[in-house]
Structure formats: C-alpha cells, structure tokens
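The values are calculated or read from the model by the stated rules, or taken from the named source; none is laboratory data. Everything quoted here is computed from the prediction, not taken from an experiment. Reconstructed Cβ throughout: ideal geometry from the backbone, glycine too, with neighbour counts over all protein chains shown.
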Amino acid sequence: MNTRTLRSAVFLDRDGVLNEDSGYAYRPDQINWIAGAKEAVRFLNKADYYVFVVTNQTGISRNFYTENDVKDLHRWMNDELAVVGARIDDFRYSPFHPDFDDGRFRSIAHWRKPSPGMIFDLMKKWPIKRNGSFMIGDRCTDIEAAQAANIPGFLFESDNLLKFIQNVISR
Ligand SMILES: [Mg+2]
C-alpha cells in the first residue's frame with residue numbers, strides 16, 4: 001500500500017478521546033478505550049485519511065514515566081488496533097511543561113498544546129492535504145492548537161468516538 005500520497009489527516013488527542021483520561025496513564029493496564037475509538041480509527045483508515053495522535057505527556061517532565069514508556073504504550077495501542085484492522089499512522093507527544101523544565105525538552109516547548117508544534121511537525125513529515133483535515137480533542141487547548149494550525153477543531157463531548165467522527169465528516 002502506498003501510504004505516501006497526499007491525503008487529509010485527522011489529528012486525535014489521546015487521553016479523553018481514544019482512551020479514558022485516567023491521569024498520567026503510561027501502561028497498557030491503565031488504558032480503557034473510549035467506546036467506538038478503535039472503530040473510529042478503522043473508519044478513518046478506510047475513508048483514506050491519515051490518522052495521527054498528538055498528545056501532551058507532561059508526565060515525562062514530571063518524571064512519572066519515561067519517553068520509552070510512552071513509545072511502548074503507543075506501540076501497544078497500535079497492536080491493539082491492528083487486531084480490528086485499524087492503524088494510527090504516526091504519534092507525536094509533547095513532554096514539556098514550563099513548571100517542570102530541566103532543559104531536556106526546552107527545544108520542543110512549542111510542541112505543547114495549545115501551541116500547534118506537533119501538528120506542524122507532522123505536516124512537515126507527511127504529505128498532508130490541509131483541506132479536509134481536522135482535529136478532535138476533549139479540551140479547549142486541543143481546539144486552540146487546531147486553530148493555530150489553521151484546521152478546524154472539534155470538542156469531543158460525546159460518548160462514542162465513531163458516531164462523533166461520522167457526524168463531523170457528514171457536516
Ligand atoms: Mg485530552
């Protein structure tokens with residue numbers, strides 16, 4: 001499959017959108033998938049969107065967990081998605097928090113939502129068509145990041161991600 005063609009993209013916040021936001025989750029046993037989340041990713045794959053995760057993970061700066069923990073968790077999430085034939089094309093996480101800044105992540109401070117750095121980084125690395133692309137998050141900072149990247153942002157306030165995304169697309 002050629003995955004390098006120009007396509008619209010859906011940028012998903014992670015905690016509170018794909019999995020319930022239990023606060024600083026970093027292990028598979030802490031992940032409860034939101035209803036319709038896996039099906040939503042598969043729906044977007046089939047509808048020819050790129051699917052990306054853009055997630056603030058300040059637990060790294062706070063030393064609750066490491067970058068490798070986050071990478072391992074994201075690999076596990078994609079393994080879980082593969083079981084139902086779904087796939088997240090790429091992940092970005094922002095470890096930075098100004099109150100826990102020891103210099104390690106200062107160079108990517110602009111990745112932290114509400115800044116659009118993670119979205120811009122993905123737009124540099126993937127052939128994304130801005131037209132038709134959008135972001136879904138459960139906080140205002142997600143919507144602000146989308147607006148700063150000049151794409152629509154939708155606040156997920158429903159209980160089923162598949163239904164929510166189908167509504168967004170059919171608007
Ligand atoms: Mg969230």
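A quick yes/no check of all residues on (1) more than 15 Å from the chain's Cα centre (by Cα); (2) of a type in the set (Gly, Ala, Ser); (3) within 22 Å of residue 131 (Cβ to Cβ):
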| residue | (1), (2), (3) |
| --- | --- |
| 46 | yes, no, yes |
| 70 | no, no, no |
| 78 | no, no, no |
| 97 | yes, no, no |
| 107 | yes, yes, no |
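With the requirement that a residue be surrounded by 19 or more Cβ atoms within 10 Å (Cβ to Cβ) and out of contact with any helix residue (DSSP H, G or I) (no Cβ under 7 Å at 6 or more places or on another chain), what does region 75-122 give you?
Scanning region 75-122 gives 77, 89, 105, 112, 122.
Residue by residue, here is whether (1) buried (at least 19 other Cβ atoms within 10 Å of the Cβ); (2) within 16 Å of the ligand (Cβ to nearest atom); (3) in a helix (DSSP H, G or I) holds:
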{"site": "5", "(1), (2), (3)": "no, no, no"}
{"site": "17", "(1), (2), (3)": "yes, yes, no"}
{"site": "23", "(1), (2), (3)": "no, yes, no"}
{"site": "29", "(1), (2), (3)": "no, no, yes"}
{"site": "52", "(1), (2), (3)": "yes, yes, no"}
{"site": "65", "(1), (2), (3)": "no, no, no"}
{"site": "68", "(1), (2), (3)": "no, no, yes"}
{"site": "73", "(1), (2), (3)": "yes, yes, yes"}
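Look through region 153-165, keep the residues that are crowded, with 17+ Cβ neighbours inside 10 Å and assigned to a helix (DSSP H, G or I), and return whichever of them is nearest to the ligand (Cβ to nearest atom).
161
Considering only residues that are within 12 Å of the ligand (Cβ to nearest atom) and either modelled with pLDDT under 95 or surrounded by 14 or more Cβ atoms within 10 Å (Cβ to Cβ) (or both), which ones fall in region 129-152?
135, 136, 137, 138, 139, 141, 142, 143, 145
Of all residues in region 79-126, which are touching a strand residue (DSSP E or B) at 6+ places or on another chain (Cβ under 6 Å), in a helix (DSSP H, G or I) and touching a residue at least 40 places away in the same chain (Cβ under 8 Å)?
Once the filter is applied, which keeps residues that are touching a strand residue (DSSP E or B) at 6+ places or on another chain (Cβ under 6 Å), in a helix (DSSP H, G or I) and touching a residue at least 40 places away in the same chain (Cβ under 8 Å), region 79-126 yields 118, 119, 122.
What's the number of the condition residue 43 fails, among (1) of a type in the set (Phe, Trp, Tyr); (2) surrounded by fewer than 17 Cβ atoms within 10 Å (Cβ to Cβ); (3) more than 22 Å from residue 139 (Cβ to Cβ)?
Unmet condition: (2).
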